[in-house]
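One structure below.
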Amino acid sequence: MSLRNALLEKARLEQIIGVVREDHADIGEAVADAYARNGVRLIEITLTTPEAFDLIAKLAARYADIGVVVAAGTVRSTNDAALARRAGAQIIVSPHTDYQVIEYATENDLLSVAGASTPTEIIRAWEAGADIVKVYPAQHLGGPDYIRTIRGPIRDVQMLAGGPVPLDMIEPYLDAGCIAVNLGASLAVPDLVRTAQWEEIGRRALLATSIIQSRRDVAEPETYVH
């Protein structure tokens, strides 16, 4: 299995991506630590976060032994993608669809997540080679109902619900057909970040991962041997 395929399977399994988009590098690191310590195994560092590449490198080294995969978010050029890869990012996430960024990710065995909104954009991103299409901003486009509607004719596309996704909307998006959801401000609530309540952010991350685990438990009932 290629690394890209393994990463796609991990996204299908984990189903939540913890997004870090902060105004200071140390705050971004504290948020990412709160995610990782509470079960989030896919963590996206947006390149709008100061010193993002250094943070990607730190997290990739710090949490590799517990299976955390670091994604680079808000990637808008192949240069950004290359810097992210060198820092240790294995997933390249864009708010839009850039054919060259998708091609770079594919050639370097990285998982490509391209942003799109309309059915035309979604199909073009998929046909360009994106592994996952991030429907963004999902809530403002119509939420799970929008996903459910467009998945009628577009069933082969792997879709991610792009933020902001509230915690109580995780299951509706997954039930509508998304393979995963982006969680950012619903975990790192701005008021909690401002007051450095890392434990509370961690508690919210744990709640999110618990929702996914509960769904797994229902999908895979225990087998009893008599």
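The values are calculated or read from the model by the stated rules, or taken from the named source; none is laboratory data. Bear in mind the structure is a predicted one, so any value in this text is a computation, not a measurement. Note: ideal-geometry Cβ built from the backbone for every residue, glycine included; neighbour counts use all protein chains shown. Heavy atoms of the whole protein, side chains included, go into the accessibility calculation; ligands, DNA and RNA do not. Shrake-Rupley method; radii C 1.70, N 1.55, O 1.52, S 1.80 Å.
Checking each residue in segment 69-94 for being in a loop (DSSP other than H, G, I, E, B), open to solvent by 10 Å² or more (accessible area, probe 1.4 Å) and without any contact (Cβ under 8 Å) to a residue 60 or more places away in the chain picks out THR74, ARG76, SER77, GLY88. Scanning segment 119-140 for residues that are open to solvent by 70 Å² or more (accessible area, probe 1.4 Å) and under 14 Å from the mean Cα position of the chain (by Cα) gives a single hit, TYR136. Restricting ALA116, ALA60 to those that are out of contact with any helix residue (DSSP H, G or I) (no Cβ under 6 Å at 6 or more places or on another chain) and either surrounded by 18 or more Cβ atoms within 10 Å (Cβ to Cβ) or under 26 Å from ASP168 (Cα atoms) (or both) reduces the list to ALA60. Name, by its number, the condition in (1) of a type outside the set (A, V, I, L, M); (2) open to solvent by 10 Å² or more (accessible area, probe 1.4 Å); (3) closer than 17 Å to LEU174 by Cβ; (4) out of contact with any Gly (no Cβ under 8 Å at 6 or more places or on another chain) that does not hold for GLY143. Result: GLY143 passes all but (2). Of all residues in segment 105-147, those satisfying the criterion of being among the aromatic types (Phe, Trp, Tyr) and closer than 27 Å to ARG85 by Cβ are TRP126, TYR136. With respect to the numbered conditions (1) open to solvent by 20 Å² or more (accessible area, probe 1.4 Å); (2) touching a residue at least 40 places away in the same chain (Cβ under 8 Å); (3) of a type in the set (Asp, Glu), which one is the sole condition not fulfilled by GLU44? It fails just one condition, (1).
Does any residue of segment 187-194 turn out to be in contact with a Leu (Cβ under 7 Å, 6 or more places away or on another chain), under 20 Å from GLY73 (Cβ atoms) and surrounded by 15 or more Cβ atoms within 10 Å (Cβ to Cβ)? Within segment 187-194, none of the residues are in contact with a Leu (Cβ under 7 Å, 6 or more places away or on another chain), under 20 Å from GLY73 (Cβ atoms) and surrounded by 15 or more Cβ atoms within 10 Å (Cβ to Cβ). Between ALA87, ALA61, ALA30, ALA71, the distinction of being touching an Asp or Glu at 6+ places or on another chain (Cβ under 7 Å) and either among the acidic types (Asp, Glu) or at pLDDT 95 or above (or both) belongs to ALA71 only. The residues on offer are PRO153, PRO164, and the sole one that is assigned to a loop (DSSP other than H, G, I, E, B), closer than 20 Å to ILE91 by Cβ, open to solvent by 20 Å² or more (accessible area, probe 1.4 Å) and of a type outside the set (Gly, Ala, Ser) is PRO164. Scanning segment 5-30 for residues that are of a type in the set (A, V, I, L, M, F, W, C) and in a helix (DSSP H, G or I), we see that the one that is most open to solvent (accessible area, probe 1.4 Å) is LEU13.
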